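The values are calculated or read from the model by the stated rules, or taken from the named source; none is laboratory data. Source: prediction; values computed, not measured. Remember, those area values only see protein heavy atoms, side chains included, never the ligands or the DNA or RNA. Shrake-Rupley method; radii C 1.70, N 1.55, O 1.52, S 1.80 Å.
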Amino acid sequence: MKRNMVLAVLFVLVGCLSAHAAEIGPYDPAATEPDGRRIFDIADNFNRPRKDLVVVARMTLKSGDTVSDTRNVIIKELTDGDLSRFLFRFTDSLKRGLTFLTIETHGPDNDQYLFVPAIGRPRQIASQDRQNNFEDTDLTNEDLGGIKLDDYTYKRGSDATLAGQACFKVTAVAKAEGARFPKRIAWFDQKTFIPLQIKVYNRDNKLQRVIVAGDVRPVGVIHLPFKTVAKDLLEDHTTILEVVQAEVDSGIDGLDFDKEKMGAAWKEEF
């Protein structure tokens, strides 16, 4: 799910919070489907930066309780009208220089590319591979911006409280019969529209992945979870992403978001 991260300062933020809360309204059993889609639509745009976002983070991979790898990561987002572009790069370890680019489109699929330094050219991710795991993590290509909201149907459930926060609960079901993960249930913070928890079910309707976002902080006009934990329950494998630094609207170089520039050096370092 997009977001996708990333996502007049005080006035706009407070105004958006109250306006969107009023737009959703209390749970209504007669409006579960339109409300569910509306919540996802709002969440998709609510924490979009006005211009750009740069996140420096540390990733920890665990097999059971054992740490199997640690990696430094730089994530960048560029807002282009009502669309965004996302870059994800490992800056150390055996994955150093591996870069993933997502370009949102108005078409049926977002464009995604993977650049591996040893190969030296970007490879486009096929649409049928969007739900494949990204580089031995517990995140999928779809989680990194490949999701298309029109590919799912939505149903709002009863509101709930999670980690002390009032949340909207929405179940999204994939329209495609062959989806690897056809169902996800998300709990969105009613104030920030950050998905505090997402439960992802496989084709056998077994709960396979749980993604939990915590330590949510304001960064400029948006909110950002400074810790995200994704766990594959069946594989007993965990990916932890902890933000070290985040900056919005700093004026990053838009040329970095060109698939032909994916191997170029960045001014951002970690």
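With a/c under 1.5 counting as rounded, go ahead and sort the range 73-112 into rounded, prolate or oblate using the C-alpha gyration tensor (a ≥ b ≥ c being the square roots of the eigenvalues; past the cut-off, prolate if a/b is larger than b/c, else oblate).
Numbers: a/c = 6.40, a/b = 2.17, b/c = 2.96.
Oblate.
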Quiz prompt | In order through the range 233-239: 3J(HN,Hα) via Karplus (6.51 cos²θ - 1.76 cosθ + 1.60), integer Hz, x for Gly, Pro | solution = 5, 6, 8, 6, 10, 10, 10
Quiz item: Considering lysine pairs in the range 193-270 that are 8 or more places apart or on different chains, how many have Cα atoms under 28 Å apart?
Solution: 6
Quiz item: Please report, for the Cα atoms of the chain, the Rg to one decimal and the Dmax as a whole number; what are they, in angstrom?
Solution: 17.8, 55
Quiz item: What ranking of E23, E177, E104, E33 comes out by heavy-atom accessible area, probe 1.4 Å, highest first?
Solution: E177, E33, E23, E104
Practice problem: Roll a 1.4 Å probe over the protein chains and send me the accessible area per residue for the chain in Å². | Solution: 47 Å²
Self-check item: Backbone HN-Hα couplings from phi across the range 189-196 [Karplus 6.51/-1.76/1.60, Hz, Gly and Pro as x]
Solution: 4, 5, 8, 9, 6, 6, x, 6
Exercise. Between the alpha-carbon centers of the range 122-145 and the range 201-270, tell me the distance in whole angstrom.
Key: 13 Å
Quiz item: For the range 118-270, what does the alpha-carbon gyration tensor say about shape, rounded, prolate or oblate, given a ≥ b ≥ c as the root eigenvalues, a/c under 1.5 as rounded, and a/b over b/c as prolate?
Solution: oblate
Quiz item: Per residue of the chain, what 222 nm ellipticity follows from adding -39500 (n - 2.57) for every DSSP H run with n ≥ 4, rounded to the nearest 500?
Solution: -4000 deg cm²/dmol
Exercise. Would you mind estimating how fast the range 81-151 diffuses translationally, via Stokes-Einstein at 20 °C and 1.002 mPa s with the Kirkwood radius over Cα pairs, in µm²/s?
Key: 169 µm²/s
